[in-house]
Amino acid sequence: FLWFLNQVKKPDYKKNYVLVKTLQSAAFVSVFLAAAVVSRDILDFWLMLPAFVCCFAGDVMLAFYNKIKKKRLFLLGLVTFLMGHLFFIRWLTRMQPPTITDVVFPAGMGSFHTGRLRPCILVYTFFIAYLFAKSMHIAVSIPDMRHIVCAVGSFLFMVSDISILFLYFYKNKSRKVHLFNLTTYYVGIFLLAVSPLLCP
C-alpha cells in the first residue's frame, strides 16, 4: 500500500494508474482469501466474496475513469460499488436482523450539488451509511474484537466514500484529498478482509 501511495504521489501517476490500482486492489482480495482459508468459515466466505469482487471491479472502473474521465465509467463504478455494499449488508444481517435503528443515520445523510447524478448518489449514500450504521449497531450489541474491527472498517469505508464528493464534485480538487480517499478506503477494506480471522 505504501508503494501504491508513492506511485500516486508522482506527477505523472495517471500513466500507470490503472495497473497500480488494479494490483493494489488485488492485494485486498488476496488478504480476504487468505483470511477465509485460515478461518475455515465457509458460509462467511461465500457471503463476503461477492462484496470483495464488486469492490475490486469498482476499483478498476474508477481507475479507468480517473484516467479518461468518461461519466459512464464513473456511474458504472458507482453501481458496482453499490452492489458491493449490498453484499456486505447481506453478510451483516446474518449476524443481526435489520432493525429500524439501522436506518436512522442513513436517512439523515445529504449530498453535494452533483447534477444529473444526484439521485444515484443519494441512493448510494444511503446504503454506505446503512452499512456503517448496521456494523456499529452490531458492534454495540456484540462488542467483541471481530465486530469492532468490522465497525471501524465500515466507518473508514464510509469516510472514503464521502471524500469522493470532494474528489469529483468540488471545484478546488486536491491531491491530498485523493490520498486521503485511498488511505481510508484501503485501510477500511483491509479491516473487513481480515475480520474472518477474529471469529470468537
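The values are calculated or read from the model by the stated rules, or taken from the named source; none is laboratory data. Every value quoted in this text rests on a predicted model; they were computed, and no experiment measured them. Every residue, glycine as well, gets a Cβ built from its backbone with ideal geometry; the counts of neighbours run over all protein chains shown. Protein only, heavy atoms only, side chains kept; ligands, DNA and RNA dropped before computing areas. Shrake-Rupley method; radii C 1.70, N 1.55, O 1.52, S 1.80 Å.
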Fill in the blank from the handout: The number of residues in segment 48-70 that are free of Cβ contacts under 8 Å to residues at least 24 places away in the same chain, farther than 19 Å from Ser163 by Cβ and over 14 Å from the mean Cα position of the chain (by Cα) is 2
Practice task
Specify the residue that is modelled with the lowest pLDDT; the eligible residues are those in segment 8-28 that are of a type in the set (Lys, Arg) and in a helix (DSSP H, G or I).
Solution key: Lys14
Handout entry: Checking Pro143 against (1) open to solvent by 80 Å² or more (accessible area, probe 1.4 Å); (2) part of a helix (DSSP H, G or I); (3) modelled with pLDDT of 90 or more, the condition it does not meet
Key = (2)
